[in-house]
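Engineer: One structure is given below, represented as structure tokens, and several questions about it will come after.
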Amino acid sequence: MWKLPADFKDRAAAKLKEIFHVELVWVEKGRGNWVRRKKFHPILRVGFGLLLFCALAGGAGVFFNTRTAPSGWDVGGAEDVVDAEDADAVVLFESGDVRPFDDGPFPDPGPLPPALASVKQNERWIRIKKGLFRLYLYQGDGIDHVYEIAIGKNKGNKERAGDNRTPDGVFTVESIEDSRAWTHDFQDGRGEIAGAYGPWFIRLKTGWQGIGIHGTHDPDSRGAMVSEGCVRMLNGELEELRAFVRPNMKVVIEE
């Protein structure tokens, strides 16, 4: 009589654990910008796909059993709908841009600064590495989003007003202001430029006047030292960041 292998239970349990394990991966959203997403085992994705297919097929059956399509219409099947719904999942989890969390798909910001070494697990905060031209959005000690930025024209810590340096230190968010109607004269002979600050100005409490994180009218300026001391981002990415930002949120700016 055929018997199950002695280690069958252990092997089955290990396989189930592997199937239901959810891995965190980094997905590249654009030039140097990353976001963390969940990656499911292929078998689990197939199961989700079958469930979605059955749900859509059942719904389509109920719909078309109660309504008559006009003459000449090609009603089609539920498969096309499933493909459309799964398209993002395919790009998200099977694209060559997906890399494991530990592989460092973006510039490594290094160890946590001493001031944030004991940050709360669910606390969100921002870390800006000027030398890497990157803004990291953290939750606790883990990175959730990475954005490419532009910083002040001159290197080093800010020493005086008008020195075009981005200050170093541990700061907080003072306010979040609608800057869509703001303009700025960059003293380049073009006068006041509309949209210079993008949709939001996240004002920082740094001890200096007018320092903040904002959008830009010049998306190609990212990755460079071009500002008068503020941190610039793409407008769309600023909108995304804005959803996580709150007054008094910690912001660490480092070289």
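Where a number appears in this text, it was derived from the coordinates with a stated rule and is not lab data. Bear in mind that the values here come from a model prediction, so they are computed numbers and not experimental data. Every residue, glycine as well, gets a Cβ built from its backbone with ideal geometry; the counts of neighbours run over all protein chains shown.
Engineer: What translational D, rounded to a whole number of µm²/s, comes out for segment 107-254 from Stokes-Einstein when the hydrodynamic radius is the Kirkwood one over Cα pairs, at 25 °C and 0.890 mPa s?
Structural biologist: It diffuses with D of about 160 µm²/s by this estimate.
Engineer: Could you order peptides 109-115, 149-155, 204-210 by the average number of other Cβ atoms within 10 Å of their residues, highest first?
Structural biologist: 149-155, 204-210, 109-115
Engineer: In terms of modelled amide H atoms, which long-range or inter-chain residues lie less than 5 Å from the amide H of Gly223?
Structural biologist: Those qualifying (amide H under 5 Å, at least 5 residues apart or on another chain) are Ile149, Ala150.
Engineer: Once phi is turned into ³J(HN,Hα) by the Karplus curve 6.51 cos²θ - 1.76 cosθ + 1.60 with θ = phi - 60°, what whole-Hz value does each residue of segment 218-227 show in order, with x for glycine and proline?
Structural biologist: 10, x, 6, 7, 5, x, 9, 9, 9, 8
Engineer: For the pair Lys120 and Glu239, how long in nm is the line joining their label points, each one 7 Å along Cα→Cβ?
Structural biologist: Calculated label separation equals 3.0 nm.
Engineer: Then there's this: Provide the percentage of antiparallel DSSP beta bridges, counting only those with both residues in segment 107-254; round to the nearest 5.
Structural biologist: 80 percent
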